[in-house]
Amino acid sequence: MEAGGIFVGQIITAAGLILGVLLAYLQVQKNHAAALKLQEAHLRNDLKLRLYDRVSERFSTCSSLLSKAHFVHTGVFSAWHMRVRQGFSVAPQQLASEMSETAHAGAASVNAVLEIVEHYEIAFPRFETIRRELSEKHRELLAAQTALWNAIMMFLPFADATTGTKVGPLGFPTEIQLAEFGSLHTKYQDVCNDISGYMIDLQIEAQNELLGELFGRTVPPRSPLDPVHQVLARDPSEVKQRPPGRLI
């Protein structure tokens, strides 16, 4: 009888040890799962921060290049106004090739923004309207840039193909031509300003999309002084199906 009691006690002791080991194992597994989940959240947040840095750089570059293109064109028109309307003996100093390169860089920077938002489409599921509006404004920019360039290029100085020295300008616009060019310049200026505003909207919405959960808040939308200017915002919900006409 005594031996049977000892045997039962051993079984209980062994069962207690097994249960203790099992509980310890389960606790280790639980801690490991929690650690993995925490590590996964950390890696996801780090990825979002690095992705925001990358797209934000594209937005800033686009704004800078468009501002530069706008500034260069404005300088040329200022020289023409001073000569034609005020009688000063001044002429544009910017070479036609330099102006063309500056304008092209501005337009290319808009395309670069569209490319990176498309490239990381999975990270921006509510940006369909933003992409569409920016793409349409990019087409307007190219059309305005082409119309302006075709009108003014013959009145700009250029580099001699042999010596590389500056030549011209070979002529100056008349009062009537300057008025016509002014309308084209205003159109180009307006489109550049619209896209620069869109870059601010993209900065805001990219922060809200990628960093809002991390920081526990969102950034309010841009509020232009002139309500005629459009403000871009994320779609209310994620688009589940590609709209007609999307190539990718």
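Some observations on this one:
- Amide hydrogen neighbours beyond the local backbone of Ala159, cut-off 5 Å, H modeled: Ala96, Ser97, Val167
- Helix-derived mean residue ellipticity, 222 nm - over the chain, DSSP H n ≥ 4, -39500 (n - 2.57), to 500: -26000 deg cm²/dmol
- GNM flexibility winner over the chain from Gln189, Gln145, Gln86 (Cα, springs under 10 Å): Gln86
- Charge tally in the Cβ shell below 15 Å around Leu156, where Lys, Arg are +1 and Asp, Glu are -1, Leu156 excluded: -1
- Rounded to the nearest 20 debye, dipole of the chain from Cβ charges on Lys, Arg, Asp, Glu: 120 debye
- Amide H contacts under 5 Å for Val219, placed H, 5+ residues apart: Asn208
- The alpha carbon centroids of region 163-207 and region 90-130 are separated by 14 Å.
- Calculated SAXS-style log₁₀ I(q)/I(0) at q = 0.16 Å⁻¹ - region 97-164, Debye, Cα scatterers: -0.66
- Derived scalar couplings between HN and Hα for region 79-86 equal 5, 5, 4, 5, 7, 6, 9, 10 Hz in order, rounded to whole Hz, by the Karplus curve 6.51 cos²θ - 1.76 cosθ + 1.60 (θ = phi - 60°), x for Gly and Pro.
- Cα-based convex hull volume of region 70-203 per residue, rounded to whole Å³: 109 Å³
- Here, region 143-205 is characterised by an Rg to Rh ratio of 1.17, where Rg is the alpha-carbon radius of gyration and Rh the Kirkwood radius.
- The phi torsions of region 56-64, fed into the Karplus equation with coefficients 6.51, -1.76 and 1.60 and a -60° offset, translate into couplings of 5, 5, 5, 4, 5, 4, 4, 4, 5 Hz, rounded to whole numbers, with Gly and Pro shown as x.
- Using θ = phi - 60° in the Karplus curve 6.51 cos²θ - 1.76 cosθ + 1.60, the 3J(HN,Hα) couplings for region 164-177 round to x, 6, 6, 10, x, x, 7, x, 10, x, 7, 4, 5, 5 Hz; x is entered for Gly and Pro.
- Applying D = kT/(6 pi eta Rh) to the chain, where Rh is the Kirkwood radius over alpha-carbon pairs, T corresponds to 4 °C and eta to 1.567 mPa s, the Stokes-Einstein value obtained is 56 µm²/s.
The numbers here are math on the coordinates, done by the rules we state, and not lab data. Computed from a prediction, not measured in an experiment: that's the story for all the values here. Note that each Cβ is placed from the backbone with ideal geometry, even for glycine, and that neighbours are counted across all protein chains shown.
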